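Please treat every number below as a calculation from the coordinates, not as lab data. Model, not experiment: these values are computed from the prediction. In this analysis, Cβ positions are derived from the backbone assuming ideal geometry, glycine residues included, and neighbour counts consider all displayed protein chains.
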Amino acid sequence: KQEVTQIPAALSVPEGENLVLNCSFTDSAIYNLQWFRQDPGKGLTSLLLIQSSQREQTSGRLNASLDKSSGRSTLYIAASQPGDSATYLCAVLSNAGNMLTFGGGTRLMVKP
Amino acid sequence: GAVVSQHPSWVICKSGTSVKIECRSLDFQATTMFWYRQFPKQSLMLMATSNEGSKATYEQGVEKDKFLINHASLTLSTLTVTSAHPEDSSFYICSAKQRDKSSYNSPLHFGNGTRLTVT
């Protein structure tokens, strides 16, 4: 059974800092890995999707990497802003059954 | 871009009543829709997978007679929480897989969620 873990669970940083969020998964048989953003009480916004054959994806100040063999992904946020404050979730789509398994999320607070 | 509309965004109901939540794909056809539940400060847990025109597949521990899922068209899936109890209070989110898109390289599209409070 796939298990996804995110570290840290919570993070508070001053504005402008570069930061890294970590995601690990136990079963490397995945189609892809996705990073989402969730604002309080809201749905999910897809940030980046990395296919299992890819190593990284970039969108603006966000860069996500994937090391499938070691079961790890990182989300790098450059020059953080208060508007980046949210919960960031990673999720892996497993080969078996098209099931998306979520990590517990990292609650990010960027202080002005 | 692909938009998933979920309605209502919040609902309060009395214990013992039933509540229906709708999930619509507005500008695309969704052969598969997923229903998740999220308790406070926890991650999303998949409840069930619904395929258009067939019965939903429920995850272990999810009562199919309590959480009725109907996916009658390519743009609409509904989740009905029957005989709701306070422990059913949660945040319910749906997502949709776009028809003719591969799960391999296309993200799922999520609704904005429904906050259910059972009193």
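Considering only the range A:53-112, state which residues are over 20 Å from A:GLN38 (Cα atoms) and within 14 Å of chain B (Cβ to nearest Cβ). Once the filter is applied, which keeps residues that are over 20 Å from A:GLN38 (Cα atoms) and within 14 Å of chain B (Cβ to nearest Cβ), the range A:53-112 yields A:SER53, A:GLN54, A:LEU66, A:LYS68, A:SER94, A:ASN95, A:ALA96, A:GLY97, A:ASN98. Among the residues of the range B:18-51, those identified as within 12 Å of chain A (Cβ to nearest Cβ) and among the charged types (D, E, K, R) are B:ARG37, B:LYS41. Residues in the range A:66-99 that are part of a strand (DSSP E or B) and either in contact (Cβ under 8 Å) with a residue 60 or more places away in the chain or surrounded by fewer than 19 Cβ atoms within 10 Å (Cβ to Cβ) (or both): 11 in all. The set of residues in the range A:46-65 being of a type in the set (Ser, Thr, Tyr) and surrounded by 14 or more Cβ atoms within 10 Å (Cβ to Cβ) consists of A:SER46, A:SER52, A:SER65. Residues in the range B:1-26 that are touching a Leu at 6+ places or on another chain (Cβ under 9 Å) and assigned to a strand (DSSP E or B): 13 in all. Of the strands (runs of 3 or more DSSP E) lying entirely inside the range B:59-119, the ones with 3 or more residues being of a type in the set (A, V, I, L, M) and under 12 Å from the mean Cα position of the chain (by Cα) are found at B:76-81. Among residues of the range B:65-99 being touching a residue at least 40 places away in the same chain (Cβ under 8 Å) and surrounded by fewer than 16 Cβ atoms within 10 Å (Cβ to Cβ), the one that is nearest to the other protein chains (Cβ to nearest Cβ) is B:ARG99. Step by step: first the residues of the range A:1-44, then only those that are surrounded by fewer than 16 Cβ atoms within 10 Å (Cβ to Cβ) and among the β-branched types (Val, Ile, Thr), then the one that is nearest to A:GLY104 (Cα to Cα). Which residue is that? Across the range A:1-44, the extreme among qualifying residues is A:THR5.
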